[in-house]
Amino acid sequence: MNAKSICLSLFAVLFFNGANSQVVLTSTQMPQPGTVLYFSTMAQPDSFQFQHSGNGLVWDFSQVPYSGYDSVVYLEPSATQYGSNFPAANLSVSMGTDGYGYIFFNDNYSHLIGIAGDAGYGVMPVPLNPPLVLFNFPYTFGSTINSTAKAVIKGTGAQFGMPFDSVKLVSTINTQRSVDGWGTLILRCGTYEGTLLEKTITNRIDSAFAKVVFLGWIPIPGFPMSEVDTAYNWFTGESTHPYASISYDVNGISTGGSFYAGDITSSKSYLSSISELKLNPNPVKDYGLLSAIHLIKDINIYDLQGRLVMHKEIHSASATVNFERLKPGIYLLKVMFSDGSISNLKFTKN
């Protein structure tokens, strides 16, 4: 996991202006804590051909093959394990197992101020200074953003698998974004007029330094390393999270794509395609049977305000869960599997 992955996934859009006109983004459409968005993972993103710029375009994803589902969860920063490391944040977003992005936004802008995740050296909080600009509001057709953020991680050589006493990793992330098109986005779950198409070029340069007696910090051989990729994000007027996205490496080969799947938590095909995760009964009163075809590591349960209200270790493909202490309402059940994958479903507590 790296800072870039969350940056790309958060570039967004808002406020629909009416038919045959483009969306205008404002802070009013930033996701609320407790928001869960489900996405279909494109099976062959390279095969999807589309117009990259212009007015009144049409992008039809309704027949695009998909191989599974993924989800994005927005939370109160205080409900996450690392929220205290980012006191200025007023929104956080899940980034896989035990990973989060931390956001500060107001009426004028939205910034990614830090991340907490495992870059291969264990989970750790990493501030971005300067932060990465996600939006300058209002944001619409013709808007551009050029932003540079920097992350610095310090630790022992043992932490990073290097033969030095102290190591410093520096990641510089530059994004160049432009909204070059608008039109109609067609998904299986609906049609969205006035959708914006944004092009994002991300250049990340990673440097590493070792601290040497009498010399201070010196560059480590093999660094810096750089990576450039391009992403196209489609933004509707319903949220500041993109409803479709396709990314490409420096050679123009797609590295992945997804599109909004709508409310699929009650769909049998959804449950069967992402590990046969089931909760019976649902709604649940006191006890429920949680089952899957893969080994479940643990579960987290969040209320609609994004607060973590329950955690339980499972280490089995099925388990009886006691829900007695939960108040009546709707909850999000986040399941971590032993292979590192994650599934979510909503349930009702009576």
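The values are calculated or read from the model by the stated rules, or taken from the named source; none is laboratory data. All of these numbers come straight from a predicted model, not from anything done at the bench. Cβ sites come from the backbone with ideal geometry, for glycine too, and all protein chains shown count toward neighbours.
Take the residues in the range 308-331 that are in contact with a Ser or Thr (Cβ under 9 Å, 6 or more places away or on another chain) and assigned to a strand (DSSP E or B); name whichever of them is surrounded by the most Cβ atoms within 10 Å (Cβ to Cβ).
Step by step, filter the range 308-331, then rank; the result is Tyr331.
Enumerate the strands (runs of 3 or more DSSP E) found wholly within the range 105-189, keeping only those where 1 or more residues are more than 21 Å from the chain's Cα centre (by Cα).
Output list reads 144-156, 166-187.
For the structure I just gave you, tell me whether Phe214 is in contact (Cβ under 8 Å) with a residue 12 or more places away in the chain, aromatic (Phe, Trp, Tyr) and not assigned by TED's automatic domain parsing to the domain that holds Ser247.
So Phe214 fails the test.
Name the single residue, out of those in the range 242-256 being under 17 Å from the mean Cα position of the chain (by Cα) and at pLDDT below 95, that is nearest to Tyr38 (Cα to Cα).
Residue satisfying both the conditions and the ranking: Gly256.
Give the range 96-114 a look and list any residue that's within 20 Å of Leu37 (Cα to Cα) and either crowded, with 22+ Cβ neighbours inside 10 Å or touching a Cys at 6+ places or on another chain (Cβ under 7 Å) (or both), or say none.
Of everything in the range 96-114, those that are within 20 Å of Leu37 (Cα to Cα) and either crowded, with 22+ Cβ neighbours inside 10 Å or touching a Cys at 6+ places or on another chain (Cβ under 7 Å) (or both) turn out to be Tyr100, Gly101, Tyr102, Ile103, Ser110, Leu112.
Scan Ser166, Ser178 and give me the residue that is of a type outside the set (A, V, I, L, M, F, W, C) and over 19 Å from Val133 (Cβ atoms).
The unique qualifying residue is Ser166.
Would you check if there is a residue in the range 156-169 being closer than 24 Å to Ser247 by Cβ and surrounded by 15 or more Cβ atoms within 10 Å (Cβ to Cβ)?
Yes - at least one qualifying residue is present in the range 156-169.
Condition (residue is within 21 Å of Phe50 (Cα to Cα) and touching a helix residue (DSSP H, G or I) at 6+ places or on another chain (Cβ under 8 Å)) applied to the range 203-225: is it met by at least one residue?
No.
Just to verify a result, which residue in the range 80-90, among those that are surrounded by fewer than 21 Cβ atoms within 10 Å (Cβ to Cβ) and over 12 Å from Gly117 (Cα atoms), is modelled with the lowest pLDDT?
Step by step, filter the range 80-90, then rank; the result is Gly83.
Looking at (1) within 30 Å of Phe347 (Cα to Cα); (2) modelled with pLDDT of 75 or more, which is the one condition that is false for Gly96?
The failed condition is (2).
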